[in-house]
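What follows is a single structure, written as structure tokens, with notes after it.
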Amino acid sequence: MTPAEINFEELFDAAPNPYLVLDADLVIRYANRAYLQATGRTREELAGQYILEAFPVTPAAPAAARDFGASLQRVLDSREPDVVAPQRFDIPVADRPGELEERWWCGMSSPVLGPDGTVKWIIARADDVTEFMHSPVIHEFTSPLSNQATGIAALVYARSHDLEQLNERLRQAHAREREVAVALQEVMLRSPDLDRHRDIAVRYLPALGSLNVCGDWYDVVDLPPDRYSIAVGDVVGHGLEAAAVMGMLRSALSAAIRAVPSPAQALEVLGLYARAVDGALATTVVKVLIDPRSRLIIYSNAGHPPPVLLRPDGNWQMLDQATDPPLGARPEHVPRPQAGLSYTPGDTLVLYTDGLIERRGEDIDTGLARLTDALARCSTLPVEELADGLLDHLGVTGGSQDDIALVVVRL
């Protein structure tokens, strides 16, 4: 955007503080909306008037005009900003003609220099510091402050008050966003079939500093007659946008595994669908099918960290024999690989996203070694305790710089 495209009148009117624009003869050329509201004047009443003649007739007007005029003259002479000490300047009470309300104002005027270095315009700002003048702050000084120091103190106080109000609005907005995010998370990660599995524990930790939603997901789907599938995936990015993509992919994969109960084929369907979803490419996901009758785990992996099969004695085996690139990584469709691994009742299957193991500046093999070491220590714990113990051993109980999804299955 070029300066010519910027509407400076709109910018001034959007400012919450009263502003005037004066020319070098101290004639008012513009008053913003906040100034008009504060003084009860109209733009037509002010435009073209000499500033010191434009003050409304109030008992404090002569003193305020004198001090403000002296400040403006200093700006013209020094070509530097100048602060006016707080002045009492009462304003009309809305809807009560003839009645005034006590107000104290602190002014700051800043010069705008022309090409020749002389003052072309002066931007005069007024801050309502009534609260400051009535607060204990002004009485805490052991010796009187100079006019300049008092003015600066008042401006600092006014800015801190503005920041408090802004912070409160931000806290309220964040609280509302968090409520929406929590509700969104609960809806998108709801898995009715999971409630039927007491031997499965899940954990979901958004990245630190983010809303309570992320691009990681887990899902559990029951398949007839007594098989079930588990998926864990990771969409690139954080926050609501990534969560929206996650919700679409999670739903698509859940539908695909019901229609084609083969992990590899379900991922092929998901990969084709991902090409039509903005933000879905480069998503990683692993899909496993567990068949209790044959005691077999069938799995396929699209660029995701490998699940780990943990034995009760602490030994482990990675499911890394059917690994393929993430969704959309290939320009053309290629069938996904699939592998199988037998298990023994009492074994534990652990699926997770990369936030659990990856650390900045560290090789992924180091993270995998840390994971398997932690699993070996927790191998005999019940699944809920194992999930919590794993997060604790890896130092991410309170979250990390990346999103984390974790599924622990006692087979």
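The values are calculated or read from the model by the stated rules, or taken from the named source; none is laboratory data. A quick note: this is a predicted structure, and the numbers were derived from the prediction, not measured. Cβ atoms come from the backbone with ideal geometry, glycine included; neighbour counts cover every protein chain shown. Ligands, DNA and RNA are stripped out before the accessible areas are found, and what is left, the full protein with its side chains, is counted by its heavy atoms. Shrake-Rupley method; radii C 1.70, N 1.55, O 1.52, S 1.80 Å.
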Given (1) part of a helix (DSSP H, G or I); (2) farther than 23 Å from L356 by Cβ; (3) open to solvent by less than 40 Å² (accessible area, probe 1.4 Å); (4) not acidic (D, E), index of the condition A255 fails: (3)
Anything in region 297-320 that is under 14 Å from A231 (Cβ atoms), assigned to a strand (DSSP E or B) and not small (G, A, S)? List them, or say none. I297, I298, Y299, N301
Which of the residues that make up region 99-129 are surrounded by fewer than 16 Cβ atoms within 10 Å (Cβ to Cβ), over 20 Å from F8 (Cα atoms) and either in contact with a Gly (Cβ under 6 Å, 6 or more places away or on another chain) or touching a residue at least 12 places away in the same chain (Cβ under 8 Å) (or both)? L100, E102, G117, T118
Examine region 274-281 for a residue that is open to solvent by 10 Å² or more (accessible area, probe 1.4 Å), part of a loop (DSSP other than H, G, I, E, B), on the phi > 0 side of the Ramachandran plot and basic (K, R), and state whether such a residue exists. no
Do the conditions hold for D219, that is, is it at pLDDT 90 or above and outside any helix (DSSP H, G or I)? yes
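Each row is one residue, and each column tells you yes or no for (1) out of contact with any helix residue (DSSP H, G or I) (no Cβ under 8 Å at 6 or more places or on another chain); (2) buried (at least 19 other Cβ atoms within 10 Å of the Cβ).
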residue	(1), (2)
P312	yes, no
D320	yes, no
G340	yes, no
T353	yes, yes
L371	no, yes
L375	no, yes
Among the residues of region 329-358, which ones are touching a residue at least 12 places away in the same chain (Cβ under 8 Å) and aliphatic (A, V, I, L, M)? A329, A339, L341, L349, V350, L351, L356, I357
Subset of region 321-369 (residues that are part of a loop (DSSP other than H, G, I, E, B) and within 25 Å of D392 (Cα to Cα)): G346, D347, T353, I357, E358, R359, R360, G361, E362, D363
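Results for (1) over 33 Å from the mean Cα position of the chain (by Cα); (2) among the hydroxyl-bearing types (S, T, Y); (3) under 21 Å from V383 (Cα atoms), shown as yes or no for each residue.
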position	(1), (2), (3)
A259	yes, no, no
A276	no, no, no
R293	yes, no, no
G303	no, no, no
L309	yes, no, yes
Members of region 83-98 found to be more than 38 Å from the chain's Cα centre (by Cα) and either surrounded by 13 or more Cβ atoms within 10 Å (Cβ to Cβ) or of a type in the set (V, I, T) (or both), listed by number: V84, A85, P86, Q87, R88, F89, D90, I91, P92, V93
Is it the case, given these coordinates, that E53 is open to solvent by 30 Å² or more (accessible area, probe 1.4 Å), within 23 Å of L11 (Cα to Cα) and charged (D, E, K, R)? no
